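The values are calculated or read from the model by the stated rules, or taken from the named source; none is laboratory data. All of these numbers come straight from a predicted model, not from anything done at the bench. Positions of Cβ are generated from backbone atoms using ideal geometry, with glycine treated the same way; all protein chains shown enter the neighbour counts.
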Amino acid sequence: MNSQSVIAGFALVLGLCAGPAFRGRAEAEPIKTHLEIETGFVFSGRNDARIPGDTGTTISLTDDLSTKPAPVFRIRAGLRFAKRHVVSGLYAPLTLTARGSVDRDIEFEGATFAAGSPLLAVYRFDSYRLRYRYSLVLGKKFEIAAGLTGKIRRAETSLSGGDVRRKTNTGFVPLASVHIKWRPGGGNFGVVLDADALAAPQGRAEDVLLALTWQIRDEVGLRVGYRMLEGGADNDEVYSFAWLHYAVAGVDLQF
């Protein structure tokens, strides 16, 4: 089954689950739209690759090469309906560049890069997600929501230095989704924990945000915090694991 079919099926399931609640309460609860924009810098804690996964040479883009912090952004748009139901879509591009040389030959995607050669590595991991959440607890002070996320990731790792080799991969990943928000005393300041994650024998993926929030008014909220992106895959075709740290700030607009 291809990723388009899986996404279509996922969207159909969301519609079947959310439809009755929406029809039953649409008149009582107006539909609200929201837009989240986040920006900041990403720092590479770990980024290891071996391509092919069974015969290539493992190279670390953080230990063997040097990866500079990079600017990042992501944007999410969604709808809240029947008060407790939220459907949203996310676009989160990511590109990191590493430079340097290593004291050993590197076998990468069918090419040999000689020891001491100047190397340029590019790690790209663009994410597109469709998410549904239901608020189990919803109040002015506290909110707990859970749901599912369908993620399409477009990954690419390239290595150049005399020769150029590139490995690309596009795939679908289902994730569990959790959102916890606390505003002490129902005031303007609070804390939010937001996570999409899943672990399986073939690999794992975690995207976790912990941030302080400031609700300027009902329609405008700000946040600043730490985001962690971690995961990868280990198979005959590719071995790739990354652990990335983000310093981020964002705005949440309600319409």
query: Residues of the stretch 39-93 being assigned to a strand (DSSP E or B) and under 27 Å from THR112 (Cβ atoms), which ones?
result: SER44, ARG46, ASN47, ASP48, ALA49, ARG50, ILE59, SER60, SER66, THR67
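For the stretch 147-163, state whether one or more residues are over 22 Å from SER60 (Cβ atoms), surrounded by fewer than 17 Cβ atoms within 10 Å (Cβ to Cβ) and not acidic (Asp, Glu). Spell out the reasoning first.
First, pick out the residues of the stretch 147-163 that are over 22 Å from SER60 (Cβ atoms): 147-152, 154.
Restricting the remaining residues to those that are surrounded by fewer than 17 Cβ atoms within 10 Å (Cβ to Cβ) gives 154.
Then keep just the ones that are not acidic (Asp, Glu); that gives 154.
Yes, the stretch 147-163 contains at least one residue that is over 22 Å from SER60 (Cβ atoms), surrounded by fewer than 17 Cβ atoms within 10 Å (Cβ to Cβ) and not acidic (Asp, Glu).
Every residue in the stretch 76-124 that is among the β-branched types (Val, Ile, Thr) and closer than 14 Å to SER158 by Cα, please.
Applying the first criterion (among the β-branched types (Val, Ile, Thr)) to the stretch 76-124 yields 86-87, 95, 97, 102, 106, 112, 122.
Selection gives THR95, THR97, ILE106, THR112, VAL122.
Just checking, which of ARG153, ARG124, ARG133 is at pLDDT 95 or above, among the basic types (Lys, Arg), under 19 Å from TYR239 (Cα atoms) and under 20 Å from the mean Cα position of the chain (by Cα)?
On the way: ARG153 fails: at pLDDT 95 or above; ARG133 fails: under 19 Å from TYR239 (Cα atoms).
Checking each option against the conditions leaves just ARG124.
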- prompt: Looking at (1) within 26 Å of VAL86 (Cα to Cα); (2) of a type in the set (S, T, N, Q); (3) surrounded by fewer than 18 Cβ atoms within 10 Å (Cβ to Cβ); (4) within 20 Å of the chain's Cα centre (by Cα), which is the only condition GLN202 fails?
  reply: (1)
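Of the residues ALA146, ALA115, only one is more than 15 Å from the chain's Cα centre (by Cα) and touching a residue at least 24 places away in the same chain (Cβ under 8 Å); which?
On the way: ALA115 fails: touching a residue at least 24 places away in the same chain (Cβ under 8 Å).
On inspection, the qualifying residue turns out to be ALA146.
Specify which of the listed residues (VAL173, VAL137) is part of a strand (DSSP E or B) and farther than 30 Å from GLY203 by Cα. Talk me through it step by step, then tell me what you get.
On the way: VAL173 fails: farther than 30 Å from GLY203 by Cα.
Residue meeting the stated conditions: VAL137.
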message: Please go through (1) buried (at least 18 other Cβ atoms within 10 Å of the Cβ); (2) closer than 25 Å to TYR246 by Cα for PRO174 and return the number of the only condition it doesn't satisfy.
response: (1)
- line: Residues of the stretch 185-206 being in contact (Cβ under 8 Å) with a residue 24 or more places away in the chain and in contact with a strand residue (DSSP E or B) (Cβ under 7 Å, 6 or more places away or on another chain), in sequence order, are ASN188, PHE189, GLY190, VAL192, ASP196, LEU198, GLN202, GLY203, ARG204, ALA205, GLU206
